[in-house]
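Here the structure comes first, spelled out in structure tokens, and everything after it is commentary.
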Amino acid sequence: MKMIFSLLVGLLITKAAFSQTFTLKSADLGGQFSNEFVAGNFGCSGGNKSPQLSWINAPEGTQSFAITMYDPDAPTGSGFWHWVMVDIPANVHELKQGAGDVKSGIAPQGSLQSINDVGAPGYQGPCPGVGEGDHRYLITVYALKTAKLGTTQASTAALTGFMLGKQLLAKASLIVYMKR
């Protein structure tokens, strides 16, 4: 009996050790933003296009996804939210390049883009101040246990973040850098 128990425990540990991790990837992003994805305002002259993002191995029970992009190094005392998209259907595992433009119609059907810290819904590319050094931009996908988060286009990123925490199953992030 002891040998059978040891074998079962060994199988469970092996399965856990080889389980797949929820992972976020981008065909567009490397370690730093290229100009195509940089802001086209606030002193920057980029394309302000949101990058392509894809994710794999969402946990069982995922009913929707959300995406955020946050700069914790912005000299505001509270960071800077560049992008908040929620209510992405559970069968969607990719955002195409440009999906952060609310007028483009590229975002998945049923998704919702809330206001960023510029005060507009959708993607706002990075544009750190000249001489501020490297800023980190955390792009995060959230696997959620609800199909609809219950926020609106006017919801702040802080409120959305609170609601994401209450419905979170898993999250995966990329960190991309920029300085001017």
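None of the figures in this text is laboratory data; all of them are computed from the coordinates on show. Note that this is a predicted model, so its numbers are computed, not measured. A quick note on method: Cβ atoms are made from the backbone with ideal geometry, for glycine too, and the neighbour counts reach across all protein chains shown.
Taking each residue as 0.36 nm, the span from residue 25 to residue 63 lengthens on full extension beyond its C-alpha to C-alpha distance by 11.7 nm. Only helices enter the 222 nm calculation for the chain: every DSSP H run of n ≥ 4 contributes -39,500 (n - 2.57), and dividing by all residues gives -5000 deg cm²/dmol, rounded to 500.
Under 5 Å from the amide H of residue 64 lie the amide H atoms of 144, 146, each residue being 5 or more positions distant or on a separate chain, with H modelled from the backbone and absent for Pro and chain starts. Of all aspartates and glutamates in the structure, the ones whose alpha carbon falls short of 13 Å from that of residue 145, not counting any fewer than 8 places away in one chain, are 60, 87.
Please enumerate, by chain and number, the aspartates and glutamates with C-alpha under 17 Å from the C-alpha of residue 25, excluding those fewer than 8 residues away in the same chain. List returned: 94.
For residue 141, what is the net charge nearby, where nearby means another residue's Cβ is under 14 Å from its Cβ and Lys, Arg count +1, Asp, Glu -1? Neighbourhood net charge equals 0.
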